[in-house]
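Below is one structure, written out as structure tokens; the observations come after it.
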Amino acid sequence: MPPQQKPFGLWPSHISPAMLGSKLRLEDAQFDPTGETIVWLDALSGKSSLWAKTGPDAPRELSGGLKIGGGVGYGGGDFAVGPGFVVFASKGRLYRVALSGGLPRPITPAFGDLASPAVSPDGNWVLFVHTYERTDCLALVDSDGQHWPIQLRRGADFYMQPTWHPDSQRIAWVEWNHPQMPWDGTQLFTGRLHGDKLVDVKHIHGDADTPTFQPAFSPDGRSLAFLANDGEWDTLYARSLDSGEKKALLKDASLLPPAWGQGMHVLGWRGSKIVIVKNDRGWHSLLEVDSAAGEPVSLPVAPYSSLGQVSVSSRGDISFIGSSPKIPERLVLLENNSQIILRRSDSESIDPALLPEPQAIEWPAPDGTVVHGLYYAPSNPAFTDRGLPPALVNIHGGPTSARGSAFNPAAAYFASRGYGYLEVNYRGSTGFGRSYMLKLRGQWGKADVEDAVGAAGALAALGLADPKRMVIIGGSAGGYTVLNVLAHHPGVFRAGVNLYGVANLFDFIIGTHKFEERYNDSLVGVLPQDAEKFKAWSPVFHAEKIRDPIAVFQGAEDKVVPPEHSEQIVAALRANKVTHVYKLYEGEGHGWRKTETIVDYYETLERFLQMHVLF
């Protein structure tokens with residue numbers, strides 16, 4: 001049957017808001033020390049569940065009705081697997097539960113927040129990151145919870161990625177201080193336990209301008225692998241614990257993801273070899289590198305182009321969370337180079353042929369830098385239309401982040417309805433070299449805005465979208481860019497969509513969480529000397545210039561960008577009688593978790609676009 005002709009943006013779609021709201025989030029997966037059991041964490045509509053699977057047995061849930069999640073920064077690092085048991089974080093405590101089942105029991109008091117538990121190989125100790133009243137530390141507790149936890153290391157502002165040596169005596173970790181963010185510069189240390197003290201502390205690598213990432217001891221205990229940035233690109237190192245010699249195993253590659261959360265892992269030892277994720281402008285590959293010598297070998301991960309949370313078992317099996325533009329996230333086991341799907345994030349009822357493929361596009365910034373984007377064309381073979389389609393121009397959050405080849409449900413949703421969808425990897429995005437990331441230093445509110453406006457021009461010049469029906473959309477840092485574009489460049493976009501965007505840079509320093517409270521030092525400037533720049537680039541002080549229709553969405557319990565930011569913008573919109581929609585979602589934080597919120601968001605947004613963009 002030939003395709004029907006219907007207006008762009010009004011194509012009946014095979015993707016519904018309810019389908020997106022019922023999608024699982026696959027969070028993490030790890031193996032037990034024997035390599036026979038894999039444990040993973042997933043979440044649906046705000047409820048997290050911990051599962052274990054051994055061999056051919058069916059998975060069993062271990063959560064015991066508890067909501068699992070660490071509370072340090074943006075979260076992550078929620079659980080660790082020991083010999084015969086799992087330790088996980090919930091409501092400021094660590095709990096222990098047997099892999100065979102049973103009820104979890106607490107092993108720490110409910111005191112502050114914690115994350116990144118690491119169980120010693122002998123199963124006797126749990127190392128973890130703890131924070132209370134703005135003081136962070138590395139802490140230690142016995143795995144039975146018979147004794148009060150102790151502080152092992154304090155003095156730095158932040159800690160992450162603690163790990164054990166096979167002898168259950170030595171440890172390694174990463175730490176850093178304000179005003180650095182973890183992608184600016186961190187330090188990697190090792191130390192040894194002596195009773196309840198940490199001794200023989202050694203600085204291994206890193207400084208205020210050199211980020212390090214994910215230390216991992218070799219199974220034989222002779223080497224420490226880690227990642228570090230070396231100028232423009234990253235290096236995989238292995239350091240001999242006997243001689244102290246550092247060997248670069250893989251150089252000049254994009255290997256370090258921005259450490260927005262605890263518990264991120266992209267490498268693992270496989271005997272004497274190291275498995276590592278390599279990023280090529282958003283497309284991932286999985287390499288195996290010999291710690292002695294030899295060229296990296298590619299492992300079979302197709303059809304997946306986006307890989308996360310890579311784990312390696314003691315038996316040599318590999319797990320990862322994989323996706324591609326046409327495949328939603330899956331938990332995949334690579335066993336003897338054969339792939340086994342352990343968990344799917346949704347029903348995968350949509351024919352992949354109906355899903356859009358991103359096309360890389362580029363355009364010049366005012367300073368001559370080449371800016372990168374991924375464009376999704378309208379994709380629904382049942383319908384067609386004349387002319388150029390409307391388009392959504394999405395500005396990612398962070399801003400130190402990027403969009404790549406992972407499954408993109410928003411792009412698929414709107415492309416199936418006849419919209420073009422562009423992901424803008426503006427200056428400051430990661431994965432394009434360190435100099436590209438540093439282009440946003442001191443320019444947040446200027447460079448990102450220029451690149452968003454440039455994106456609209458590029459779509460028009462390439463004939464990919466109707467210049468009179470473009471929408472700018474973004475969340476968090478992306479919402480900040482949306483607000484600045486609408487205030488300083490009215491009329492470039494037909495409308496805007498702001499999801500929990502930063503509106504006041506002064507309030508952001510005072511009201512946000514500890515992790516980001518000095519982020520603006522590098523992105524904008526330092527107060528009080530740069531107060532004029534803070535005011536010039538804070539959307540709230542220019543909100544009276546906004547004239548284009550705008551939809552504003554906000555979580556009532558957002559601790560990163562509190563609701564006051566959106567409410568100040570909405571108050572200005574009301575005062576100036578600007579067409580707008582405002583949705584404040586109760587029980588939501590920095591992003592949507594509940595199924596009912598996700599459904600309402602897409603339904604509200606689609607009505608807004610139909611009223612103010614299509615017609």
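Numbers for the structure displayed
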{"read-out": "Cβ pairs under 9 Å, 6+ apart, first in region 533-551 and assigned to a helix (DSSP H, G or I), second acidic (Asp, Glu)", "value": "Val540/Asp507"}
{"read-out": "Selection status of Asp548, among the acidic types (Asp, Glu) and more than 29 Å from Lys47 (Cβ to Cβ)", "value": "yes"}
{"read-out": "Exclusive hit being touching a Pro at 6+ places or on another chain (Cβ under 6 Å), among the acidic types (Asp, Glu) and at negative phi, set Asp558, Asp530, Asp507, Asp521", "value": "Asp521"}
{"read-out": "Search result, residues across region 236-283 that are of a type in the set (Asp, Glu) and outside any strand (DSSP E or B)", "value": "Asp242, Glu245"}
{"read-out": "Tally, over region 429-440, of residues that are on the phi < 0 side of the Ramachandran plot and among the small types (Gly, Ala, Ser)", "value": "2"}
{"read-out": "Condition met for Phe8 (aromatic (Phe, Trp, Tyr), buried (at least 21 other Cβ atoms within 10 Å of the Cβ) and within 18 Å of Gly308 (Cα to Cα))", "value": "no"}
{"read-out": "Output for region 569-581, where each listed residue is crowded, with 17+ Cβ neighbours inside 10 Å and not hydrophobic (A, V, I, L, M, F, W, C)", "value": "His580"}
{"read-out": "Odd one out for Tyr426, checked against (1) buried (at least 22 other Cβ atoms within 10 Å of the Cβ); (2) out of contact with any Gly (no Cβ under 6 Å at 6 or more places or on another chain); (3) at positive phi", "value": "(3)"}
{"read-out": "In region 475-501, the residues that are aliphatic (A, V, I, L, M) and assigned to a loop (DSSP other than H, G, I, E, B)", "value": "Val492"}
{"read-out": "Extreme residue, nearest to Met611 (Cα to Cα), among residues of region 438-474 that are among the aliphatic types (A, V, I, L, M) and part of a loop (DSSP other than H, G, I, E, B)", "value": "Ala465"}
{"read-out": "Residue check, Gln568 of a type in the set (S, T, N, Q) and more than 22 Å from Thr400 (Cα to Cα)", "value": "yes"}
{"read-out": "Strands (runs of 3 or more DSSP E) wholly inside region 300-414 containing at least 1 residues that are of a type in the set (A, V, I, L, M, F, W, C) and buried (at least 20 other Cβ atoms within 10 Å of the Cβ)", "value": "306-312, 318-324, 327-335, 370-376, 391-395"}
{"read-out": "When residues of region 111-160 are limited to those that are among the hydroxyl-bearing types (Ser, Thr, Tyr) and touching a residue at least 60 places away in the same chain (Cβ under 8 Å), the one surrounded by the most Cβ atoms within 10 Å (Cβ to Cβ)", "value": "Ser116"}
{"read-out": "Qualifying residue in region 38-45 (condition: over 20 Å from the mean Cα position of the chain (by Cα) and of a type in the set (Phe, Trp, Tyr))", "value": "no"}
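Yes/no matrix, rows are residues, columns are (1) without any contact (Cβ under 8 Å) to a residue 40 or more places away in the chain; (2) assigned by TED's automatic domain parsing to the domain that holds Gln30; (3) β-branched (Val, Ile, Thr):
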| residue | (1), (2), (3) |
| --- | --- |
| Pro328 | no, no, no |
| Ile341 | yes, no, yes |
| Gln359 | yes, no, no |
| Pro366 | no, no, no |
| His372 | no, no, no |
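The values are calculated or read from the model by the stated rules, or taken from the named source; none is laboratory data. Note that the coordinates shown come from a computational prediction; the quantities given were computed from them, not determined experimentally. Ideal geometry is used to build each Cβ from the backbone, glycine not excepted, and the neighbour counts take in all protein chains shown.
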